[in-house]
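*Asks:* Can you read through this structure? Questions will come right after.
Just so you know, all these numbers are worked out from the coordinates, no wet-lab data involved. Not measured: the values here are computed from a predicted model. Cβ coordinates were reconstructed from backbone atoms using ideal geometry, including for glycine residues, and neighbour counts include every protein chain displayed.
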Amino acid sequence: MTFEQIIKDLKNGIYKPVYFLMGEEPFYIDVISNYIAEHVLDETQKEFNQSVLYGSDVDALTIISEAKRFPMMGDYQVVIVKEAQNVKNLIPKKQDDNDPFLAYVEKPQKSTLLVICYKYKKLDKRKALAKTIDKTGVLFESEKLKDYKVADWISDYVKRKGYVINERNASLLAEYLGNDLGKIVNETGKVFISLPKGAELTADIIERNIGISKDYNIFELQNVFGQKDVLKTTRIVHYFAQNQKEHPLPLIMASLYGYFSKLIKYHFLKTTVPSSQLASEMGVNPYFMKDYETAARNYPERKVRQIISWLREMDVKSKGVDNPSTDHGELLKEFFFKAMH
C-alpha cells in the first residue's frame with residue numbers, strides 16, 4: 001500500500017489492526033505514525049487508550065500483551081512502538097509457528113491499531129511474517145528517495161504547502177540538503193514561516209533563511225564550469241578555498257564526482273539512447289539536460305576522463321598521501337586550473 005493510500009484511508013476512518021512501517025527513509029514512517037497518534041483518538045481517549053513504547057525498553061511479548069488489551073470507553077486503542085528495530089526478539093532469524101509476533105498478526109486484536117516503526121531495516125517479503133502482515137494489516141516500505149528525484153520531490157512538497165519554487169532553486173536545495181526528507185522539511189519550514197501563502201522561494205530568500213549562497217555554491221560552480229566561464233569558476237573556487245569550514249573539500253569532491261560521472265555517461269549514451277530517454281538513463285532532471293549538453297561540447301569525453309583522474313588524485317592528496325602539507329583550498333584551485341585548461 002502506498003503512503004498516499006494509507007493517509008487517505010486514515011482520514012476516512014478506515015483503520016487496520018497492524019501497521020508495519022519499515023525502510024531506509026524515516027520521514028514517511030514518522031508522518032504515518034504521527035498522524036495515527038494525533039488523529040485516531042481524541043484527547044480524552046488518548047489518556048486511557050494510547051501507548052507509546054520504545055524498542056530498547058520492551059520485548060515482543062510486552063508489545064503483544066499491550067496490543068491485546070481492550071479499549072476503555074472507546075472503540076479503539078493505539079499502541080505505537082518506536083525504534084522497533086531495537087526489539088531484540090521481535091523478528092526471529094528463524095520464523096516458525098511458535099513465533100509470538102507472527103501468531104499475533106495472524107489474528108490481531110481488531111480494536112487495536114498496533115503501529116510498528118521499524119526504521120532503517122525491512123522484512124523479507126518472501127517470509128510468512130511479511131505476507132501475513134500484508135494480508136491482515138498494512139505492510140509499508142519507506143524507500144530512500146533517489147538523488148535525481150529529490151528536486152522534483154521538493155517542488156511538489158513546496159507546491160502542496162501553497163508556495164512556489166522554480167526547478168533551479170529546487171535543485172539548489174536538493175544539492176545542499178541531500179535526500180534526507182526530514183531535513184528538507186525542517187529547512188523549508190524556516191522559509192514558510194516568514195512568507196505569505198503563494199509566495200515564491202527565490203534564491204535570495206533561500207540564502208537569507210537557509211544560508212545557501214545563491215552565487216557561491218557547488219551547483220553554481222558546476223554550472224559555470226560547464227559553460228567554461230573561467231572568471232566565475234575561479235571566483236567560486238577562491239571563495240570555497242577561503243571558507244573551508246562551510247565548504248569542506250570531501251563534500252565538494254563527492255558532488256563533483258557525481259557531476260563528472262553523469263557527464264561521462266552523457267558522452268557514452270548520447271549516440272545509443274533516444275534523446276527522450278537520455279535524462280532518465282543518466283538520472284538527471286530533464287530541465288538540466290541543456291547544461292550537460294553545453295558541458296559536453298566544452299569538455300570532450302577524453303578530457304572528462306582526464307578530469308575524473310585528476311579528481312581521484314586530489315582525493316588521495318587530500319588524505320595526506322604524497323602530500324604532507326598542501327592546503328585543501330590549494331588542491332581545489334590546482335584541480336580546476338588543470339580541468340579548465
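*Asks:* What fraction, in whole percent, of alpha-carbon pairs in segment 11-81 exceed 17 Å separation?
*Replies:* Details: 1157 of 2485 pairs.
It works out to 47 percent of all Cα pairs.
*Asks:* Going through the cross-link list Lys214/Lys270; Lys11/Lys93; Lys161/Lys245; Lys68/Lys121; Lys121/Lys159, which pairs have a Cα-Cα distance over 29 Å in this structure?
*Replies:* Those over the limit are Lys214/Lys270; Lys11/Lys93; Lys161/Lys245; Lys121/Lys159.
*Asks:* While we're on this one: Per DSSP H run of n ≥ 4, the term is -39500 (n - 2.57); total these for the chain, divide by its residue number, and report the mean residue ellipticity at 222 nm rounded to 500 deg cm²/dmol.
*Replies:* -17000 deg cm²/dmol
*Asks:* Can you give me the convex hull volume of the Cα atoms of segment 147-210, divided per residue and expressed in Å³? Let's see the in-between values first.
*Replies:* Details: hull volume 4.3 nm³, N = 64.
Value for segment 147-210: 67 Å³ per residue.
*Asks:* How large is the Kirkwood hydrodynamic radius of segment 218-340, counting all unique pairs of alpha carbons, in Å? Let's see the in-between values first.
*Replies:* Details: mean 1/r = 0.0665 Å⁻¹.
Averaging 1/r across every pair of different Cα atoms and inverting gives 15.0 Å.
*Asks:* Viscosity 1.567 mPa s, temperature 4 °C: Stokes-Einstein D of segment 127-253 from its Kirkwood Cα radius, in µm² per second? Numbers along the way, then the final one.
*Replies:* On the way: Rh = 16.7 Å.
Calculated translational D: 78 µm²/s.
*Asks:* Counting C-alpha atoms alone, how compact is segment 1-137: give Rg to one decimal and Dmax as a whole number, in angstrom.
*Replies:* Looking at segment 1-137, its Cα Rg and Dmax stand at 14.0, 41 Å.
*Asks:* Then there is this: Hey, if you put +1 on the Cβ of every Lys and Arg and -1 on every Asp and Glu Cβ in segment 147-210, which of Tyr148, Ala203, Ile193 ends up farthest toward the positive end of that dipole?
*Replies:* Going by the Cα projections, it comes out as Ile193.
*Asks:* Okay, moving on. Check the straight Cα-Cα distances from Lys135 and name the aspartates and glutamates below 20 Å, setting aside those fewer than 8 residues away within the same chain.
*Replies:* Excluding near neighbours in sequence, the set is Glu4, Asp9, Asp96, Asp97, Asp99, Glu106, Asp124.
*Asks:* For the chain, compute Rh as the Kirkwood radius over C-alpha pairs and then the Stokes-Einstein diffusion coefficient at 25 °C and 0.890 mPa s; write the answer in µm²/s, rounded to an integer.
*Replies:* Translational diffusion coefficient: 105 µm²/s.
*Asks:* If I require 27 Å or longer along the helix axis, counting alpha carbons, and a Kyte-Doolittle average no lower than 0.0, what helices from the chain are left? Use full DSSP H segments.
*Replies:* Helices meeting the criterion: 249-269.
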